[in-house]
Amino acid sequence: MILAIEAVLCATRAFTSGACFKYGSGNFSIFEYRVEALEAIYGQVSSSSLSGEVDSAVLENIVLAALQVPDHKHVGLWRFLTISGDARQNLGALYARAKLTEDSSLGSSALEKIRNKPLRAPLIVVVCVTKRAKVSEVERLLSTGAVKQNMLLAAYAQGVGAKWRVGSMAYSRVVCDGLGLAEKEKIAGFLYLGENDSNVESKELIDPGKYVTAWTAD
Ligand SMILES: Cc1cc2nc3c(=O)[nH]c(=O)nc-3n(C[C@H](O)[C@H](O)[C@H](O)COP(=O)(O)O)c2cc1C
């Protein structure tokens, strides 16, 4: 019954607000967490203090949002690795191994710090991007930036805290190999996700007046 009602609502919304989407074998709609697009863009704030859990439906929406960005002819430039629970410790161990390869003299406290980095959030999504002959480097970069932003906005729109991190570990071959990346794949970034531990302060909007000039021929 509920499904039938949702289907009717979906069909209605498809012609009215456009808040119903085709996905997989059916339609789904966004009801509870609806945030206006501009509100999300203006309000999105990154968060470093993350804990709790991330619901699988929330994660699915984040990845869905990522995949809707324009890429070159939809060739499929990305894949996503999710790392949570004890796997975060395994990632920490991989980081430590990578750092030791770079500098074998690293002390135990420095190594401990590196090992703990993945514990800063309950869920990490590693965004991997693949080189494709048809897509130039600049197009790949532009599309991947859009992926990052869509993921942050989708997290914010669902009330989930997020932070995009890159850092030196993203460029380490030891880390890429340990995560099973192919030779032509790169890590674009690590999206840290979780519940916000505290109220995140809203940021001041940048005044467009300083950046926009009306040009005339005179
Ligand atoms: C490409 C890129 C890489 C980043 N890498 C890191 C990082 O490794 N560590 C970090 O603390 N912040 C990093 N940041 C900054 C945060 O993701 C975030 O943009 C910053 O904290 C500003 O937060 P805001 O989203 O609230 O404006 C990176 C940002 C970008 C765009």
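The values are calculated or read from the model by the stated rules, or taken from the named source; none is laboratory data. In this text, all values refer to a predicted model and were calculated from it rather than measured experimentally. Here Cβ is always computed from backbone atoms with ideal geometry, including for glycine, and neighbour counts include all displayed protein chains.
Which of the residues that make up the range 141-175 are at positive phi and within 12 Å of the ligand (Cβ to nearest atom)?
Filtering the range 141-175 for residues at positive phi gives 159, 167.
Once the filter is applied, which keeps residues that are at positive phi and within 12 Å of the ligand (Cβ to nearest atom), the range 141-175 yields only Gly167.
Filter the range 185-212 down to the residues that are of a type outside the set (A, V, I, L, M, F, W, C) and at pLDDT 95 or above, then identify the one that is farthest from Gly145 (Cα to Cα). Steps first, answer last, please.
Narrowing the range 185-212 to residues of a type outside the set (A, V, I, L, M, F, W, C): 185-186, 189, 192, 194-199, 201-204, 207-211.
Still in the running and at pLDDT 95 or above: 185-186, 189, 192, 194-195, 211.
Working: Glu185: 16, Lys186: 14, Gly189: 10, Tyr192: 16, Gly194: 21, Glu195: 24, Tyr211: 21 Å.
Filtering the range 185-212 for residues that are of a type outside the set (A, V, I, L, M, F, W, C) and at pLDDT 95 or above, the one farthest from Gly145 (Cα to Cα) comes out as Glu195.
Select, from Ala98, Ala121, the only residue that is buried (at least 19 other Cβ atoms within 10 Å of the Cβ) and under 18 Å from Val174 (Cα atoms).
Numbers: Ala121 fails: under 18 Å from Val174 (Cα atoms).
When all the criteria are applied, what remains is Ala98.
Restricting to the range 81-132, name every residue that is touching a Pro at 6+ places or on another chain (Cβ under 9 Å) and basic (Lys, Arg).
Within the range 81-132, Arg88 is the sole residue that qualifies.
Looking at the range 47-70 only, could you name the residues that are assigned to a loop (DSSP other than H, G, I, E, B) and of a type in the set (A, V, I, L, M, F, W, C)?
Scanning the range 47-70 gives Val54, Val69.
Yes or no: the range 157-177 includes at least one residue that is in contact with a strand residue (DSSP E or B) (Cβ under 7 Å, 6 or more places away or on another chain) and of a type in the set (Ser, Thr, Tyr).
No, the conditions are met nowhere in the range 157-177.
If I filter the range 106-136 down to residues being under 20 Å from the mean Cα position of the chain (by Cα) and of a type in the set (D, E, K, R), which single residue comes out as farthest from Leu181 (Cα to Cα)?
If we filter the range 106-136 for residues that are under 20 Å from the mean Cα position of the chain (by Cα), which is where we start, we get 117-131.
Of the ones still in play, those that are also of a type in the set (D, E, K, R) are 117, 120, 131.
Working: Lys117: 20, Arg120: 23, Lys131: 12 Å.
Ranking the candidates gives Arg120 first.
Given the criteria at negative phi and at pLDDT 95 or above, does Val75 qualify? It would help to see each step written out before you state the result.
On the way: at negative phi: yes; at pLDDT 95 or above: no.
For Val75, the condition - at negative phi and at pLDDT 95 or above - is not met.
Looking only at the range 190-215, filter to residues that are more than 11 Å from the ligand (Cβ to nearest atom) and part of a strand (DSSP E or B); which one of those is farthest from Glu60 (Cα to Cα)?
So, considering only residues that are more than 11 Å from the ligand (Cβ to nearest atom) and part of a strand (DSSP E or B), the one farthest from Glu60 (Cα to Cα) is Asn196.
Kindly evaluate Lys148 against the criterion of being under 30 Å from Val75 (Cβ atoms), at pLDDT 95 or above and in a strand (DSSP E or B).
Values: under 30 Å from Val75 (Cβ atoms): yes; at pLDDT 95 or above: yes; in a strand (DSSP E or B): no.
Judged against the criteria, Lys148 is not a match.
Note down all Cβ pairs under 9 Å where the first residue falls in the range 29-46 and is of a type in the set (D, E, K, R) and in a helix (DSSP H, G or I), the second is within 16 Å of the ligand (Cβ to nearest atom) and modelled with pLDDT of 90 or more, and they're at least six residues apart or on different chains.
Glu39/Ala157
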